[in-house]
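Student: Got a structure for you, written out below as structure tokens; questions coming shortly.
What follows draws every value from the coordinates through simple rules; no lab data is involved. All of these numbers come straight from a predicted model, not from anything done at the bench. Glycine also receives a Cβ, built like all others from the backbone with ideal geometry; neighbour counts cover every protein chain displayed.
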Amino acid sequence: GAAALFRQAHGLGVSAHMVSAWNFSEGAEAVVGPLETGSLDVGNVLIVGAGAVCSALSYWLRELVTAGKWDVVDKDHVTLDNTSRGLGMFAGDAGWNDSTPARKVDLIARDIGATPHYAWYDEWIKEHDDARPDLVLPLANERAVRHLIACRYDPIVLHATTSQSWQAQFHRHISGIDDCLTCRMRDLK
């Protein structure tokens with residue numbers, strides 16, 4: 001799928017091949033899974049961070065029908081090293097050939113129909129302290145973002161990050177049930 005997306009984004013041909021993620025069958029016998037999945041409605045969602053993990057999330061969200069209001073907060077630009085980790089981030093987005101690097105938040109928001117907020121979370125929350133999303137997805141690590149989110153006691157927080165060796169790390173925090181983000185992610189600054 002990633003190879004097909006890459007080819008399509010560069011104007012290259014993509015050949016049709018059906019493989020079922022449901023039961024791994026191929027061709028005409030491929031089972032597509034449930035025919036009606038409905039829409040993904042988790043209410044109002046705040047995504048904090050538009051890097052590699054968010055890029056993977058946006059790739060799959062494009063395949064789903066979503067409902068609710070989605071907001072994305074990030075103040076980073078695409079760099080060339082993002083292109084090896086971020087689906088949908090390309091050399092042209094990183095300023096290749098002397099173009100202006102794209103803002104990550106704009107790429108993600110465009111892909112999933114969200115509202116982009118070009119700010120760091122600590123800057124954004126000062127202007128939006130009354131924001132109370134139903135779900136917060138902290139996908140950033142810098143500027144004490146996880147600690148700041150933990151201090152707000154949002155109802156549901158599903159967080160993911162990449163480790164120093166680029167492994168995916170997934171966790172959840174339900175207010176009043178699970179330990180806080182800071183307790184789980186102590187070594188992140």
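Student: Output the direction-averaged projected area (hull surface divided by four) of the convex hull of the alpha-carbon atoms of the range 11-169, in nm². Don't jump to the answer; show the numbers that get you there.
Tutor: Details: hull surface 46.6 nm².
Mean orientational projected area (the range 11-169, Cα hull): 11.7 nm².
Student: If packing is taken as the average count of other Cβ atoms within 10 Å, what order do 43-51, 130-138 fall into, highest mean first?
Tutor: 43-51, 130-138
Student: Right, here's the next one. Once each part is reduced to its C-alpha centroid, what is the distance from the range 34-85 to the range 112-147 in angstrom?
Tutor: When both Cα centres are located, 14 Å separates them.
Student: Relative to the present Cα-Cα distance, how much length would full extension add between THR115 and ARG152 at 0.36 nm per residue of separation? The partial results should precede the final answer.
Tutor: On the way: separation 37, 0.36 × 37 = 13.32 nm, distance 2.12 nm.
Length difference between fully extended and current span is 11.2 nm.
Student: Please list, in order along the range 132-144, the HN-Hα scalar couplings obtained from phi with the Karplus expression 6.51 cos²θ - 1.76 cosθ + 1.60 (θ = phi - 60°), rounded to whole Hz, x for Gly and Pro.
Tutor: 10, x, 6, 9, 10, 10, x, 10, 10, 10, 6, 6, 6
Student: Further question on the same structure: Please give the charge dipole size of the range 9-88, origin at the Cα centre, charges +1 on K and R Cβ atoms and -1 on D and E Cβ atoms. Round to the nearest 20 debye.
Tutor: On the way: 4 positive and 9 negative charges, 40 e Å.
For the range 9-88, the charge dipole is close to 200 debye.
Student: Still on this structure, I have one more. Which value, in debye to the nearest 20, describes the size of the charge dipole of the range 47-153 about its Cα centre when Lys and Arg Cβ atoms bear +1, Asp and Glu Cβ atoms bear -1, and nothing else is charged? Provide the component values of the computation, followed by the final result.
Tutor: Numbers: 12 positive and 16 negative charges, 41 e Å.
My answer is approximately 200 debye.
Student: Something else: Taking 2.2 N^0.38 Å as the expected size of a compact globular protein, what ratio does the Cα radius of gyration of the range 20-86 give against it, to two decimals?
Tutor: Normalised Cα radius of gyration, the range 20-86: 1.46.
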